[in-house]
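**Q** Questions regarding the structure given below will be posed in turn.
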Amino acid sequence: MKDLDSLLPGAGINTRLSHIGYDPADYHGFVNPPVVRASTVLFPDAKSMETRNKKYTYGTRGTPTTDALAEAINALEGSAGTVLVPSGLAAVTVAILAYVAAGDHVLVVDSVYGPTRHFCDTILKRMGVEVDYFDPATGAAIETLFKPNTTVVLTEAPGSNTFEMQDIPAIAAVAHKHGAVVLMDNTWATPLYFRPLDFGVDVSIHASTKYPSGHSDILMGTISANAEHWPRLIETHGTLGLCGAPDDSYQILRGLRTMGIRLERHYESALAIATWLENREEVARVLHPALPSFPSHHIWKRDFKGASGIFSFVLKVNDPQKAKPKAHAFLDALSYFGLGYSWGGYESLAILVNLSDRKIAKAPAEGPVIRLQIGLEDIVDLKADIERGFAAANAV
């Protein structure tokens, strides 16, 4: 039986991940689509060249490999179209540029990814775009921040580093009432655990560097739009000439096949460690949306199907002068946890979070914030590593 198109929409997520984005019949029966490296595309005659009456016209406009990945992401996101770009940050910036012009006003959640804020505060402002930041807890009250020239609302749920949830359906309803486009960075949950377009978002942004890749060796981003906003996105993408490479696309496709199983492990391990940390005397607070103690847990429980492997905790300190030395001692004592800025790979990572750029969602007062990416290692070993970190911090 070969009628996968009719079966897959109702299949389980791991079944879908195993079969989306390729058809072996297109490639002589080989399971994986081949890597097509291309810049120049030849046309059969001058007329077809003039009219571009051909599926592929130039390497920046796609190849069979990049199309296979885009089709797989469309199947996961429920989107009308997806474009590939060289990084997660490029996915954010290209998405914003697609829908803004000089004189526009943009609303951005204050818990946004730091490099996204930098782009908004530099490039966008130089373009003559006004930017205001809103409290992630705002919800429908965001309406008071709208101006006649507000064209874009950028959300990120949960928030970067501190993991505040946002009421995405409420924000989207208000934005659409004012004719604004809603963008969402959905890297944390992936479309497996949250599908933004199903909740009123117009454009879903994803750093596929993270969980789709899963192996800490690929940079790529995806931008997926609904039918109304797809034409502007694909036009902007082509005009800017930013495209994902076929070799990287092949690796992301390969990573997708196991993403469901990997995410289950990340989710389970991270939640177990977060729950354990709540009972540690060295910890003031744990910042994880799936914990019932987290302030916006109810939104996560209402809208999300799961959680990923990244969260933060606040290291308890009595003397503010010792906050950074204690945090550094904790990090330097770790062995299984690497010190690195990315996440979503198989290995555990830790960083000291810098929240000095926040305007509204201020840093916790109890102590420094340490972000953990829980990888695929055994939980008992990760707990032992964290305990070594606590012992080092306590000695400061």
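The values are calculated or read from the model by the stated rules, or taken from the named source; none is laboratory data. These numbers were taken from a predicted model, which means no experiment stands behind them. So basically every Cβ, Gly included, is an ideal-geometry build from the backbone, and we count neighbours across all protein chains shown. Please note that ligands, DNA and RNA were not included when accessible areas were found on the heavy atoms of the full protein model with its side chains. Shrake-Rupley method; radii C 1.70, N 1.55, O 1.52, S 1.80 Å.
**Q** Which of (1) assigned to a helix (DSSP H, G or I); (2) free of Cβ contacts under 8 Å to residues at least 12 places away in the same chain; (3) not hydroxyl-bearing (Ser, Thr, Tyr) does Trp300 not meet, given it meets every other one?
**A** (2)
**Q** Continuing with the same structure: Do we find a residue being open to solvent by less than 50 Å² (accessible area, probe 1.4 Å), out of contact with any Asp or Glu (no Cβ under 6 Å at 6 or more places or on another chain), free of Cβ contacts under 8 Å to residues at least 40 places away in the same chain and among the aliphatic types (A, V, I, L, M) anywhere in region 255-263?
**A** no
**Q** So, in region 301-313, of the ones that are among the aromatic types (Phe, Trp, Tyr) and under 16 Å from the mean Cα position of the chain (by Cα), which residue ends up most open to solvent (accessible area, probe 1.4 Å)? Quick ask: steps written out before the conclusion?
**A** At the first step, the residues of region 301-313 found to be among the aromatic types (Phe, Trp, Tyr) are 304, 311, 313.
Right, trim to under 16 Å from the mean Cα position of the chain (by Cα) and you get 304, 311.
Working: Phe304: 18, Phe311: 0 Å².
Ranking the candidates gives Phe304 first.
**Q** Right, here's the next one. Could we say that Phe337 is in contact with a strand residue (DSSP E or B) (Cβ under 8 Å, 6 or more places away or on another chain), among the aromatic types (Phe, Trp, Tyr) and farther than 14 Å from Phe163 by Cβ here?
**A** Considered against the rule, which asks whether it is in contact with a strand residue (DSSP E or B) (Cβ under 8 Å, 6 or more places away or on another chain), among the aromatic types (Phe, Trp, Tyr) and farther than 14 Å from Phe163 by Cβ, Phe337 comes out as yes.
**Q** Kindly evaluate Thr93 against the criterion of being under 19 Å from Gly255 (Cβ atoms) and either touching a strand residue (DSSP E or B) at 6+ places or on another chain (Cβ under 9 Å) or in a helix (DSSP H, G or I) (or both).
**A** Details: under 19 Å from Gly255 (Cβ atoms): no; either touching a strand residue (DSSP E or B) at 6+ places or on another chain (Cβ under 9 Å) or in a helix (DSSP H, G or I) (or both): yes.
Taking the combined requirement at face value, the residue does not satisfy it.
**Q** I would also like to ask the following. Yes or no: region 7-29 includes at least one residue that is touching a helix residue (DSSP H, G or I) at 6+ places or on another chain (Cβ under 7 Å), open to solvent by less than 80 Å² (accessible area, probe 1.4 Å) and on the phi > 0 side of the Ramachandran plot.
**A** Step one: of region 7-29, the residues touching a helix residue (DSSP H, G or I) at 6+ places or on another chain (Cβ under 7 Å) are 8, 13-14, 16-22.
The next check asks that each one be open to solvent by less than 80 Å² (accessible area, probe 1.4 Å); those that pass are 8, 13-14, 16-22.
Of the ones still in play, those that are also on the phi > 0 side of the Ramachandran plot are 21.
Checked region 7-29: at least one residue is touching a helix residue (DSSP H, G or I) at 6+ places or on another chain (Cβ under 7 Å), open to solvent by less than 80 Å² (accessible area, probe 1.4 Å) and on the phi > 0 side of the Ramachandran plot.
**Q** Output the residues belonging to region 120-169 that are free of Cβ contacts under 8 Å to residues at least 60 places away in the same chain, open to solvent by less than 40 Å² (accessible area, probe 1.4 Å), under 16 Å from Lys359 (Cβ atoms) and not in a strand (DSSP E or B).
**A** If the condition is that a residue be free of Cβ contacts under 8 Å to residues at least 60 places away in the same chain, open to solvent by less than 40 Å² (accessible area, probe 1.4 Å), under 16 Å from Lys359 (Cβ atoms) and not in a strand (DSSP E or B), then Cys120, Thr122, Leu124, Thr138, Ile142, Ser160 are the ones that fit.
**Q** Out of all the residues in region 202-219, which are of a type in the set (Ser, Thr, Tyr) and open to solvent by 30 Å² or more (accessible area, probe 1.4 Å)?
**A** Step one: list which residues in region 202-219 are of a type in the set (Ser, Thr, Tyr), which gives 204, 208-209, 211, 213, 216.
Residue satisfying the conditions is Ser216 alone.
**Q** Which pairs have Cβ atoms under 7 Å, sit 6 or more apart or on different chains, and link a residue in region 75-87 that is part of a loop (DSSP other than H, G, I, E, B) to one that is crowded, with 24+ Cβ neighbours inside 10 Å and small (Gly, Ala, Ser)?
**A** So the pair list comes out as Ser79/Ser204; Ser79/Ser224; Ser79/Ala225; Ala80/Ala225; Pro86/Gly244; Ser87/Gly221.
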